[in-house]
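Note sheet for the following structure.
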Amino acid sequence: MAAFGTLYLLPVYLGQPDPDKLSQQLIRTAKELSHFIVENEKTARAFLKSICTPVPMAELVLHVLDEQTPPASIPTLLEPLLNGINCGLMSEAGCPGIADPGSELVRLAHAKGIKVVPMAGPSSILLGLMASGLNGQRFRFHGYLPREGNERKQALRELEKEIRRNGETQIFIETPYRNHAMLDDILEQLSGDILLSIGCDLNDVKELMATRSVHEWKSNRPDLHKRPCIFLLGQGAVSVTSLRLKDRQLPPPRRRK
């Protein structure tokens with residue numbers, strides 16, 4: 001029996017195409033492939049064109065796996081891999097398999113014994129958490145909160161309870177055209193001392209990344225309309241300005257032998 005192909009998980013741009021923001025290993029691997037399973041064909045072709053793939057566009061094989069893909073048809077996407085052809089899995093933006101329909105394909109690949117290789121690349125979840133200053137030891141990603149207003153408000157109040165109970169950072173995303181409604185509910189429902197970090201257009205020239213208290217955001221509202229955003233909620237540690245460094249005893253420097 002012929003060996004199975006390898007499924008490569010290929011992160012793509014969060015913002016405008018810029019190969020300088022991708023690893024050389026990722027670019028090299030993507031250039032070696034001619035078969036791809038993608039969430040959005042248009043953005044996938046733009047990505048491959050930006051890295052100057054040597055395979056002519058007309059010869060690339062792209063199969064779409066998105067929210068509309070019937071679950072029963074997902075196993076058929078594995079056929080090239082089962083026939084020994086390496087494939088790349090690409091989300092519309094960021095890392096495949098994270099808040100992305102590709103996760104089901106990855107699970108099935110493991111069940112079939114197909115090798116899965118994740119590649120390093122941009123993830124709005126990790127970038128937002130890294131830049132937020134919030135608790136990076138304990139955090140939870142919720143995907144999308146409920147769409148309906150009252151349910152969303154209740155969900156936000158529950159997240160605040162979790163923050164106060166265990167200090168866990170709460171992370172979620174929203175459909176870009178509903179960002180302002182989400183921000184309205186956050187500022188209305190949460191206590192003023194809760195910290196809200198907003199990451200918007202990450203890895204793009206229009207990038208916004210800021211962490212402020214809910215109270216501070218009320219007088220400094222950003223324009224988030226139709227911009228990809230990630231929201232993070234948490235509680236602050238002791239302010240740096242409140243530390244009295246002169247009262248802290250630092251250990252003596254080590255002497256070199």
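The values are calculated or read from the model by the stated rules, or taken from the named source; none is laboratory data. Everything quoted here is computed from the prediction, not taken from an experiment. When we count neighbours, we look across all protein chains shown, and the Cβ atoms used for this are built from the backbone with ideal geometry, even at glycine.
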When restricted to GLY102, GLY97, GLY149, the only residue among the small types (Gly, Ala, Ser), over 13 Å from the mean Cα position of the chain (by Cα) and assigned by TED's automatic domain parsing to the domain that holds ASN40 is GLY102
Condition check for LEU156: crowded, with 18+ Cβ neighbours inside 10 Å, over 30 Å from ARG45 (Cα atoms) and either not hydroxyl-bearing (Ser, Thr, Tyr) or not assigned by TED's automatic domain parsing to the domain that holds GLU207 (or both)
yes
Of all helices (runs of 4 or more DSSP H) fully inside the range 73-192, the set with 2 or more residues that are touching a helix residue (DSSP H, G or I) at 6+ places or on another chain (Cβ under 9 Å) is 79-82, 102-112, 149-166, 179-189
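Filter the range 65-98 down to the residues that are of a type in the set (Gly, Ala, Ser) and surrounded by 20 or more Cβ atoms within 10 Å (Cβ to Cβ), then identify the one that is nearest to LEU126 (Cα to Cα).
Checked the range 65-98; the qualifying residue nearest to LEU126 (Cα to Cα) is GLY94.
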Return yes when LEU33 is modelled with pLDDT of 95 or more and part of a loop (DSSP other than H, G, I, E, B) and no when it is not.
yes
